[in-house]
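The values are calculated or read from the model by the stated rules, or taken from the named source; none is laboratory data. These figures come from a predicted structure and were not determined experimentally. Cβ sites come from the backbone with ideal geometry, for glycine too, and all protein chains shown count toward neighbours. Just so you know, the surface numbers come from the protein's heavy atoms only, side chains and all, with ligands and any DNA or RNA stripped out. Shrake-Rupley method; radii C 1.70, N 1.55, O 1.52, S 1.80 Å.
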Amino acid sequence: MNVIVLDCGNYIRLLVEGRVDTNTSAKFQQEVLSAFQRKRDVVADFLNVSAISGAGFRALLIGQKTAVHSDWQMCLV
């Protein structure tokens, strides 16, 4: 898995490539939480993701809960 981080002015866009699974979900979760340290809004772009496991969904859920708890936004495209 590879994550390209783009600062798009008002939000951070995470371009995710490859598989988000047990082996890579911790890195993805770290990227999401780091993005929230820089901006209030994060977009996770999964166009180039070939597969996502339960561990990947867990990382997404943690990101979403972080956003909701802080009145921020996380969007998955």
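What to note about this one:
- Of all the listed residues (Asp41, Asp71), the sole one being at positive phi and of a type outside the set (Gly, Ala, Ser) is Asp71.
- The range 23-49 residues that are farther than 17 Å from His69 by Cβ and at pLDDT 95 or above, paired with ones that are part of a strand (DSSP E or B) and open to solvent by 90 Å² or more (accessible area, probe 1.4 Å) (beta carbon under 7 Å, 6 or more apart): Ala44/Leu76; Phe46/Leu76
- If the condition is being closer than 18 Å to Asn2 by Cα and loosely packed, with under 14 Cβ neighbours inside 10 Å, then the range 30-53 contributes Gln30, Leu47, Asn48, Ser50, Ala51.
- The range 1-29 - residue that is of a type in the set (A, V, I, L, M, F, W, C) and surrounded by 14 or more Cβ atoms within 10 Å (Cβ to Cβ) and, of those, farthest from Trp72 (Cα to Cα): Met1
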